[in-house]
Amino acid sequence: AQSVTQPDIHITVSEGASLELRCNYSYGATPYLFWYVQSPGQGLQLLLKYFSGDTLVQGIKGFEAEFKRSQSSFNLRKPSVHWSDAAEYFCAVGATGGFKTIFGAGTRLFVKA
Amino acid sequence: GAGVSQSPSNKVTEKGKDVELRCDPISGHTALYWYRQSLGQGLEFLIYFQGNSAPDKSGLPSDRFSAERTGGSVSTLTIQRTQQEDSAVYLCASINSGGTNTGELFFGEGSRLTVL
């Protein structure tokens, strides 16, 4: 069965510092992998996705993620965090065609001045 | 419509009452999902529809929960005899699972349910 683990419930970083949010997945085949962001009072928005090909994918708002099959990981990174990045971030794994996309518990990011 | 629309946005009900939550997906999107987000929790998968059928309803917490979709469009999630633990935000998402499928789920703003 598919599952997604985000080991960090919350993370605090200083504005301008780099960020890495961890995500580990379990899936029997090549997964579709996603990162979504949920800003306060807003709906979920797709940041980036991985289907195949280059294992380093670029997303919106300066985010990137790297798929590492050997580690079953899909960590999200950003070189320099902005205060507006404070939000909850969800990693997700989907089956072919996007069916039954399963989400992790989320990591809440706090940004301090 | 332009986006996924959910109603009501907020619902307060008394324990034991039935509630209906509605989702109107993006026009032309063939697949529709329901998730539940409880305070401090992730998104819990409830059910998904492909057209009007539900190939996977394994996430429905109990037989008090049911959902239907008609005309390949609007879906209704019904919770009977609500309990306090049903309090959560119920999120609907749709996806174009056809030839142009990118895997991206498009979410509505959610329906916040509070059971007193």
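Put one equal scatterer on each alpha carbon of segment A:50-113, apply the Debye formula with no solvent term, and list log10 I(q)/I(0) at q = 0.15, 0.19, 0.30 1/Å to two decimals.
With no solvent term, the Cα-only Debye profile gives -0.56, -0.87, -1.40.
Can you tell me the FRET efficiency between residue A:55 and residue B:78 if r is taken as the Cβ-Cβ distance and R0 is 30 Å, rounded to the nearest 0.05?
Numbers: r = 43 Å, r/R0 = 1.43.
Result of the calculation: an efficiency of 0.10.
With θ set to phi - 60° and the Karplus curve 6.51 cos²θ - 1.76 cosθ + 1.60, what are the ³J(HN,Hα) couplings of segment A:101-111 in order, to the nearest whole Hz, using x for Gly and Pro?
So the J values, rounded to whole Hz, are 6, 10, 10, x, 6, x, 10, 8, 9, 10, 10.
Run through every distinct alpha carbon pair of segment B:2-82 and return the Kirkwood hydrodynamic radius in angstroms, one decimal place.
Numbers: mean 1/r = 0.0751 Å⁻¹.
Kirkwood hydrodynamic radius for segment B:2-82: 13.3 Å.
If every alpha-carbon in the protein assembly as shown counts as one equal scatterer, what log10 I(q)/I(0) does Debye give at q = 0.12, 0.13, 0.16, 0.18 1/Å?
Result of the Debye calculation: -0.65, -0.77, -1.12, -1.35.
Give, as a single signed number, the net charge of other residues whose beta carbon lies under 15 Å from the beta carbon of residue B:94, with Lys and Arg counted +1 and Asp and Glu -1. Each step should come with its number before you reach the end.
On the way: positive: A:100, B:22, B:69; negative: B:24, B:104, B:109.
After counting each charged neighbour, the total is 0.
Hey, can you grab everything whose amide H is under 5 Å from the amide H of residue A:106? Only 5+ residues off in sequence or another chain; H modelled, so Pro and N-termini drop out.
Counting only residues 5 or more places away or on other chains, the set is A:6, A:91.
Can you put B:29, A:10, A:82 in order of accessible area, largest first, using a 1.4 Å probe?
Largest to smallest exposure gives the sequence A:10, A:82, B:29.
Per residue of segment B:80-92, what does 6.51 cos²θ - 1.76 cosθ + 1.60 with θ = phi - 60° give for ³J(HN,Hα)? Whole Hz please, x for Gly and Pro, Karplus curve as stated.
Result, rounded to whole Hz: 9, 6, 4, 10, 4, 6, 7, 4, 4, 9, 9, 10, 10.
Kindly state, to the nearest 0.05, the FRET efficiency for residue B:63 paired with residue B:5, given R0 = 30 Å and r defined as their beta-carbon distance.
On the way: r = 28 Å, r/R0 = 0.92.
Result of the calculation: an efficiency of 0.60.
In the full protein assembly as shown, how much of residue B:112 is accessible to a 1.4 Å probe, in Å² to the nearest 10?
130 Å²
Starting from 0 in steps of 5 Å, tell me what percent of the Cα-Cα pairs of segment A:1-98 lands in each bin.
Result returned by the calculation: 3, 13, 25, 26, 18, 10, 4, 1.
For chain B, modelled as a Gaussian network with Cα springs under 10 Å, which listed residue fluctuates most, B:62, B:73, B:38?
Among B:62, B:73, B:38, the largest mean-square fluctuation in the Gaussian network model of chain B belongs to B:62.
Partner chain Cβ atoms within 10 Å, averaged over the residues of A:29-39 - can you pull that number for me? Walk me through the numbers on the way to the answer.
Working: counts 0, 0, 0, 4, 1, 3, 0, 5, 0, 5, 0.
Averaged over the peptide's residues, the number is 2.
Please enumerate, by chain and number, the lysines with C-alpha under 29 Å from the C-alpha of residue A:100, excluding those fewer than 8 residues away in the same chain.
List returned: A:49, A:61, A:68, A:78, B:11, B:57.
Compute the length gained on full extension between residue A:9 and residue A:39: take 0.36 nm times their separation in residues and subtract their Cα-Cα distance, giving the result in nm to one decimal.
Details: separation 30, 0.36 × 30 = 10.80 nm, distance 1.56 nm.
Taking residue A:9 through residue A:39 to full extension adds about 9.2 nm, to one decimal.
The values are calculated or read from the model by the stated rules, or taken from the named source; none is laboratory data. All values derive from a computational prediction rather than experimental measurement. Here Cβ is always computed from backbone atoms with ideal geometry, including for glycine, and neighbour counts include all displayed protein chains. Each accessible area value is taken on the protein alone, full model and side chains, heavy atoms only, with ligands, DNA and RNA left out. Shrake-Rupley method; radii C 1.70, N 1.55, O 1.52, S 1.80 Å.
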